[in-house]
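*Asks:* Pasting a structure below so you can have a look.
The values are calculated or read from the model by the stated rules, or taken from the named source; none is laboratory data. Since we're looking at a predicted model, the values are computed, not measured. Cβ sites come from the backbone with ideal geometry, for glycine too, and all protein chains shown count toward neighbours.
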Amino acid sequence: MMVRLALVSLVLVLSGCGTMNKLSSQFVGVDNSEPPTPLAEIAQRINIIEVWSKNVGKGYESLYLKLTPAIYDNHVYIADSNGELSAIDATSGKAIWRVDTDHPVTGGPGAGGGLILLGTSEGEVLAYSADQGKFLWKSRVSSEVLAAPQADDNIVVVRSIDGKIFGLSGDTGSRLWIYDRTVPALTLRGTSAPVIHSGLVITGFDGGKLVALDLRTGKLLWETEIAQASGRSELDRMVDIDSEPIIREGVIYVATFQGNIAAVDLQTGQLQWSRDIPSYAGLGLDLRHVYLTDDESNIWALERFSGSSVWKQESLKSRAATAPASIGNYVVIGDLEGYLHWLDSETGEFVARHQFTKKRIIAPPVAYQDIIYAYSSNGTLGAFTYQ
């Protein structure tokens with residue numbers, strides 16, 4: 001019987017701890033996790049400008065959901081856990097449309113092919129038109145959807161928490177194919193969103209496997225082990241891939257909880273390099289570096305082609321830091337007190353800090369052109385630039 005423990009994710013967010021003995025202590029009522037590192041004063045070397053900020057619904061705090069903004073055709077699409085879906089002009093912050101889906105949204109939004117896509121706790125996929133917010137179709141999959149559905153070439157790809165990936169018709173939502181694999185007995189509450197690239201579906205699984213499927217048929221093309229489970233207990237053996245893989249120039253970058261970060265050839269699945277740095281928050285990328293937040297909320301920069309370390313910033317330890325977002329010459333990270341931290345991409349030094357909400361930021365910031373979009377767990381969406 002599959003056991004999904006939301007408490008695991010909540011502990012990881014609240015404590016920022018990265019070792020299994022600390023995690024295990026939470027289940028027996030003993031809290032020996034490290035407190036968040038106090039923020040030291042920094043010199044503001046760049047000026048952070050709030051382009052716009054607004055409340056877009058209830059947010060996602062109570063359920064620990066990574067409802068991340070989707071940028072599509074110069075619009076920001078955002079959903080809250082009550083099912084309110086909004087389209088906002090990315091530059092001005094002007095509301096374009098808003099609909100109440102009347103469904104408990106747990107995954108999304110995803111965008112592509114003129115569609116805005118949501119997943120629900122009831123195992124449903126909802127499709128709306130990107131331009132008007134018109135409801136188009138609803139399709140049922142096998143279980144709860146925590147990752148944003150994706151669409152390309154008139155095919156919608158959906159990942160459910162029971163280890164299944166579905167290919168659905170973009171026109172009607174009817175099922176085209178299904179790929180299924182076994183899920184470990186104990187996993188983090190979260191799933192890696194599928195990525196569609198060059199006719200392939202790339203996704204990571206609980207258990208540390210990365211797979212490539214044919215978009216049209218769902219046929220398995222290759223499978224690569226990113227991390228191998230080890231240890232005596234189910235907790236020790238958790239090596240989930242919960243963050244979304246990133247693809248650049250024919251290479252996939254992926255991270256695992258209690259495992260590795262790795263670079264994998266897109267066409268063959270062959271490992272190019274691997275580092276023993278565990279992460280559940282996820283990755284960022286620019287032309288030269290891979291950025292990641294490890295399981296203790298330390299921020300790393302690695303050389304993109306070799307995986308060698310460039311810098312490590314330890315001042316956000318135990319602050320439940322988000323995945324990094326790359327913008328210009330900077331890296332931006334959110335934390336549990338609603339701060340956005342701006343780091344120099346070459347040195348890892350802090351160049352600015354801005355608190356736009358007092359509630360934690362779980363969803364990673366999103367960079368689009370010269371703007372960073374951040375969505376707080378209390379439902380505040382903000383757009384920020386710098387000078």
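*Asks:* Just name the residue that is farthest from the chain's Cα centre (by Cα) out of those in segment 243-272 that are under 19 Å from Pro365 (Cβ atoms) and part of a strand (DSSP E or B).
*Replies:* Of the residues in segment 243-272, the ones under 19 Å from Pro365 (Cβ atoms) are 243-246, 248, 253, 255.
Right, trim to part of a strand (DSSP E or B) and you get 246, 248, 253, 255.
Working: Ile246: 11, Arg248: 17, Tyr253: 13, Ala255: 11 Å.
Within segment 243-272, the match that is farthest from the chain's Cα centre (by Cα) is Arg248.
*Asks:* Could you say which residue among Thr217, Thr203, Thr172 is part of a strand (DSSP E or B), out of contact with any His (no Cβ under 6 Å at 6 or more places or on another chain) and among the polar types (S, T, N, Q)?
*Replies:* Thr203
*Asks:* Check segment 84-92 and report whether any residue there is on the phi > 0 side of the Ramachandran plot, modelled with pLDDT of 95 or more and either in contact with a Cys (Cβ under 9 Å, 6 or more places away or on another chain) or not aliphatic (A, V, I, L, M) (or both). Steps first, please.
*Replies:* Quick first cut of segment 84-92, residues on the phi > 0 side of the Ramachandran plot only: none.
No, because not a single residue in segment 84-92 is on the phi > 0 side of the Ramachandran plot, modelled with pLDDT of 95 or more and either in contact with a Cys (Cβ under 9 Å, 6 or more places away or on another chain) or not aliphatic (A, V, I, L, M) (or both).
*Asks:* Hand me the list of strands (runs of 3 or more DSSP E) wholly inside segment 316-370 holding 3 or more residues that are of a type outside the set (D, E, K, R) and touching a Leu at 6+ places or on another chain (Cβ under 9 Å).
*Replies:* On the way: elements: 325-327, 330-334, 339-344, 350-355, 366-368.
The strands (runs of 3 or more DSSP E) meeting that bar are 330-334, 350-355.
*Asks:* Only one of Ala212, Ala227, Ala281 is buried (at least 17 other Cβ atoms within 10 Å of the Cβ) and modelled with pLDDT of 90 or more. Can you tell me which?
*Replies:* Being buried (at least 17 other Cβ atoms within 10 Å of the Cβ) and modelled with pLDDT of 90 or more holds for just one of Ala212, Ala227, Ala281, which is Ala212.
*Asks:* Could you go through segment 338-357 and let me know if any residue there is among the basic types (Lys, Arg) and within 21 Å of Ile78 (Cα to Cα). Talk me through it step by step, then tell me what you get.
*Replies:* Here is the first cut: in segment 338-357, the residues among the basic types (Lys, Arg) are 353.
Subset that is within 21 Å of Ile78 (Cα to Cα): none.
Among the residues of segment 338-357, not one is among the basic types (Lys, Arg) and within 21 Å of Ile78 (Cα to Cα), which makes the answer no.
*Asks:* Criterion first (modelled with pLDDT of 95 or more, surrounded by 21 or more Cβ atoms within 10 Å (Cβ to Cβ) and over 17 Å from the mean Cα position of the chain (by Cα)) does Phe166 satisfy it? Can you show your working first?
*Replies:* Numbers: modelled with pLDDT of 95 or more: yes; surrounded by 21 or more Cβ atoms within 10 Å (Cβ to Cβ): yes; over 17 Å from the mean Cα position of the chain (by Cα): yes.
Yes.
*Asks:* Starting from residues that are touching a Phe, Trp or Tyr at 6+ places or on another chain (Cβ under 7 Å) and not aromatic (Phe, Trp, Tyr), keep the ones in segment 316-331 and report whichever is surrounded by the most Cβ atoms within 10 Å (Cβ to Cβ). Reasoning before the result, please.
*Replies:* We begin by selecting, within segment 316-331, every residue touching a Phe, Trp or Tyr at 6+ places or on another chain (Cβ under 7 Å); these are 324, 326, 330-331.
Going one step further and asking which of them are not aromatic (Phe, Trp, Tyr), we end up with 324, 326, 331.
Numbers: Pro324: 32, Ser326: 22, Val331: 26.
Filtering first and then ranking leaves Pro324.
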